[in-house]
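The values are calculated or read from the model by the stated rules, or taken from the named source; none is laboratory data. A quick note: this is a predicted structure, and the numbers were derived from the prediction, not measured. Every residue, glycine as well, gets a Cβ built from its backbone with ideal geometry; the counts of neighbours run over all protein chains shown.
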Amino acid sequence: MKLSKVLVLSALISLSPGIVCSVSSQPASVSPAISLATDTTKNAGPELLVRCDDIGMCHSVNVAVEELAKTGIRFSASVLFVCPWYREAVTILKQYPNVAVGVHLALNSEWANYKWGPVSGRCAVPSLVDSDGYFFGTTSALIANGPRTEEVEKELRAQIERAIRSGLDIKYLDCHMSAIDGNPEYMSIVYRLAKEYHLVVSRSFGEKDIEPMYSEPVDKKETVLIERLSHLSAGSTYLIVCHIAVSSIESESLIDSNAGAPLDVGKNRQAELSALLSPEFAATISSQHIKLVNYADLAARPGASDK
């Protein structure tokens, strides 16, 4: 075990002094640090939802989500079930009950040289795809193609049903970029499907958004994260959306079609992962009495089915 991970676990365990526990060496087991990290019965501090998006997008992202899951902290993983690497993500996530799994609903495919298309098939939703049968790279390109509302619902339903068939315990829905949540009509479909499939929707619990690390320079992400977590109000539930990956030839080859997107994708996403794995993150969670929760926790609360 690397020194940084030892420090992370040590800081989390320090949240409940006097409790002695052993950490299992089995990768499929959740560290006892998970229960200690979320035990704030003595301190009514803020709640924090860490939501990692784009899981299943590629191998580098899947490796990253397993690294984070192994620490035992509670977080939520939003899986792109439209992507070919989602099967690997399913295999990984089945091992970690500390991770709540959601469907990262997508109607776009933003990378210049890596594309995916609809689960329902290009012929079933022709208004949602380009001439090659892939989702459009930008929201503006999708809108310009005149997407049909009934096809949007068909595709979102197909993504949810693929997720359910995977055998994962799906808890929530959220949206990839702005192709869906930028359209009120599409969001009404999302909420209706959530009710039909007994799921909750991210950002429907009054969560307060923490500005993400996404646009911050690589060498500033950890510092910015710690600073933002140091000013949370007790009694509130906060959400921070993260994009993680390990830096690799694969992740470094990704080029976003959207203007203004960060370059060096692999390095940027590695920096977000490193920030979440850092001893400083664990120490801040402890010192600020922050309770880490996930969407499974929120979904289990009274009245959640009405969200």
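Given the condition surrounded by 18 or more Cβ atoms within 10 Å (Cβ to Cβ) and among the charged types (D, E, K, R), answer yes or no: does some residue in region 166-174 qualify?
The answer is yes, given that some residue of region 166-174 is surrounded by 18 or more Cβ atoms within 10 Å (Cβ to Cβ) and among the charged types (D, E, K, R).
Filter region 143-159 down to the residues that are part of a helix (DSSP H, G or I) and under 24 Å from residue 199 (Cβ atoms) and list them by number. Please lay out each step first, then the result.
Filtering region 143-159 for residues part of a helix (DSSP H, G or I) gives 143-144, 149-159.
Hits for region 143-159 are 149, 150, 151, 152, 153, 154, 155, 156, 157, 158, 159.
Kindly indicate whether any position in region 239-246 is assigned to a loop (DSSP other than H, G, I, E, B), at pLDDT 95 or above and under 23 Å from residue 134 (Cβ atoms).
Here is the first cut: in region 239-246, the residues assigned to a loop (DSSP other than H, G, I, E, B) are 243-246.
Within this subset, residues satisfying the condition of being at pLDDT 95 or above are 243-246.
Now drop any that are not under 23 Å from residue 134 (Cβ atoms), which leaves 243, 245.
For region 239-246, residues assigned to a loop (DSSP other than H, G, I, E, B), at pLDDT 95 or above and under 23 Å from residue 134 (Cβ atoms): present.
Identify all residues within region 276-307 that are farther than 17 Å from residue 236 by Cβ and either without any contact (Cβ under 8 Å) to a residue 60 or more places away in the chain or among the aromatic types (Phe, Trp, Tyr) (or both); write none if there are none.
Answer for region 276-307, where residues must be farther than 17 Å from residue 236 by Cβ and either without any contact (Cβ under 8 Å) to a residue 60 or more places away in the chain or among the aromatic types (Phe, Trp, Tyr) (or both): 280, 281, 287, 300, 302, 303, 306.
Quick check on this structure: which one of 77, 89 is part of a strand (DSSP E or B), touching a Gly at 6+ places or on another chain (Cβ under 9 Å), without any contact (Cβ under 8 Å) to a residue 60 or more places away in the chain and more than 21 Å from residue 279 (Cα to Cα)? I'd like the intermediate steps shown before the answer.
Details: 89 fails: part of a strand (DSSP E or B).
That would be 77, the only listed residue that is part of a strand (DSSP E or B), touching a Gly at 6+ places or on another chain (Cβ under 9 Å), without any contact (Cβ under 8 Å) to a residue 60 or more places away in the chain and more than 21 Å from residue 279 (Cα to Cα).
Taking region 266-280 on its own, how many of its residues are surrounded by 21 or more Cβ atoms within 10 Å (Cβ to Cβ) and not acidic (Asp, Glu)? Show your work before the answer.
Restricting attention to region 266-280, the residues satisfying the condition of being surrounded by 21 or more Cβ atoms within 10 Å (Cβ to Cβ) are 268-273, 275-277.
Filter once more, keeping what is not acidic (Asp, Glu): 268-271, 273, 275-277.
Qualifying residue count for the region: 8.
Being of a type in the set (Val, Ile, Thr) and either more than 18 Å from residue 109 (Cα to Cα) or touching a Lys or Arg at 6+ places or on another chain (Cβ under 9 Å) (or both) is the filter here; which residues of region 229-286 pass it? Before you say what the answer is, go through the steps one by one.
The first filter runs over region 229-286 and keeps only residues of a type in the set (Val, Ile, Thr), leaving 237, 240-241, 244, 246, 249, 255, 265, 284-285.
Scanning region 229-286 gives 237, 240, 241, 244, 246, 249, 284, 285.
Would you confirm whether or not region 179-186 contains a residue that is in contact with a Ser or Thr (Cβ under 7 Å, 6 or more places away or on another chain), loosely packed, with under 15 Cβ neighbours inside 10 Å and either of a type outside the set (A, V, I, L, M, F, W, C) or in a loop (DSSP other than H, G, I, E, B) (or both)? Lay out the reasoning, then the answer.
Here is the first cut: in region 179-186, the ones in contact with a Ser or Thr (Cβ under 7 Å, 6 or more places away or on another chain) are 179, 182, 185.
From what's left, loosely packed, with under 15 Cβ neighbours inside 10 Å: 182, 185.
Of the ones still in play, those that are also either of a type outside the set (A, V, I, L, M, F, W, C) or in a loop (DSSP other than H, G, I, E, B) (or both) are 182, 185.
There is at least one residue in region 179-186 that is in contact with a Ser or Thr (Cβ under 7 Å, 6 or more places away or on another chain), loosely packed, with under 15 Cβ neighbours inside 10 Å and either of a type outside the set (A, V, I, L, M, F, W, C) or in a loop (DSSP other than H, G, I, E, B) (or both).
Scan region 195-211 and report the pairs whose first residue is farther than 16 Å from residue 175 by Cα and whose second residue is assigned to a loop (DSSP other than H, G, I, E, B) and of a type in the set (S, T, N, Q), with Cβ atoms within less than 9 Å and a gap of 6+ or a chain change.
Cβ pairs passing all conditions: 206/236; 208/233; 208/236.
Out of (1) part of a loop (DSSP other than H, G, I, E, B); (2) surrounded by 17 or more Cβ atoms within 10 Å (Cβ to Cβ); (3) touching a residue at least 40 places away in the same chain (Cβ under 8 Å), the odd one out for residue 120 is which?
Only one criterion in (1) part of a loop (DSSP other than H, G, I, E, B); (2) surrounded by 17 or more Cβ atoms within 10 Å (Cβ to Cβ); (3) touching a residue at least 40 places away in the same chain (Cβ under 8 Å) is unmet by residue 120, namely (3).
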